[in-house]
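Comments concern the structure below.
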Amino acid sequence: MRAGEVDKKRLFELLWGVPAGPRRGPRPTLSPAAVARAGIVVADADGLDGLTMQRVAESLGVTKMALYRYVPGRAELVALMLDEALGEPPPPGPDADRGAARADADWRTRLDDWTRRLVERFRRHPWAQAAAVGARLPGPNELSWVDRVVAALAGTGLTATEQLDVATLLVGHARNLAGLPPDSGREEAFAALVHGREARFPALAAALAAPSAPSPDPAQSPDLTLDFGLTRILDGIQTLLHSRTPTPPPPLGRS
């Protein structure tokens, strides 16, 4: 196997707890989970660019070669780290429970709560945003997050493919918005860049010069960009569900 390639069989064993069989050498003093947690500490401090097997080994007080007894390479380590960092999805919050009493609120409130909690996980571990991109083998924790979306949409009439598409859409929104902290000053930054270059960016210049609508109270809604996109996504799903609701026939007239 060439350097940088993922040992798919070994990665499956590591992520899903499949016994790898007896191994020669000294009795293990670590575990793949312990190595993943050490890698998270390194990546939280210095990002994926600063993550090396050597640094993780040093943080654990072992040699780099000893580390390969537990994790065959950096790619497998990052996969383990991502699943460990995501962790089990938390149970729905109290707002989701209260929303279950309303006709359309159960799935909608649960997915709103789910997305915000996933954003929190990505913001806690910024490197995970890059690690969660592309086709790859998900771990049990990551699949548990997907399972919560499917559970929230059960009984809505969406197909299995559509339910998974909703999960993909919400993960993408959470991952993208996690890199944009609340009150990021986006408009001010764009205005500074456009200033003096209005002829090149006429539409953007006009939009930024227009009077802004009063902003909601940040104390009530501190993450306006996340709110806007998430509301539009859930509105679209709700519109799709309503379009599939059979229209009752008109009442029969009296003879």
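The values are calculated or read from the model by the stated rules, or taken from the named source; none is laboratory data. Every value quoted in this text rests on a predicted model; they were computed, and no experiment measured them. Positions of Cβ are generated from backbone atoms using ideal geometry, with glycine treated the same way; all protein chains shown enter the neighbour counts. Ligands, DNA and RNA are excluded from the accessible area calculation, which covers all protein heavy atoms including side chains. Shrake-Rupley method; radii C 1.70, N 1.55, O 1.52, S 1.80 Å.
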Task: Net length gained if the chain between residue 252 and residue 235 were fully extended (0.36 nm per residue, minus Cα distance) - done: 2.8 nm
Open item on the list: Report the gain in length on full extension from residue 197 to residue 16: 0.36 nm times residue separation, minus Cα-Cα distance, nm rounded to one decimal.
Closed with: 59.8 nm
Task: Exposure rank, largest accessible area first [49, 235, 113; 1.4 Å] - done: 49, 235, 113
Task: Karplus (6.51, -1.76, 1.60) ³J(HN,Hα), θ = phi - 60°, over region 200-207, in Hz, Gly and Pro reported as x - done: 7, 10, x, 5, 5, 5, 5, 5
Task: Estimated FRET transfer efficiency when R0 is 25 angstrom, pair residue 59-residue 7 (beta carbons, to 0.05) - done: 0.65
TODO: Pop out the carbon and sulfur fraction of the accessible area of region 145-207 as a percent, whole number, probe 1.4 Å.
DONE: 60
Open item on the list: Using each residue's phi in region 159-172, evaluate 6.51 cos²θ - 1.76 cosθ + 1.60 at θ = phi - 60° and report the 3J(HN,Hα) Karplus result to the nearest Hz, with x for Gly and Pro.
Closed with: 6, 4, 4, 5, 5, 5, 5, 4, 4, 4, 4, 6, 4, x
Task: Additional length obtainable on full extension of the chain from residue 209 to residue 49, 0.36 nm per residue less Cα span - done: 53.7 nm
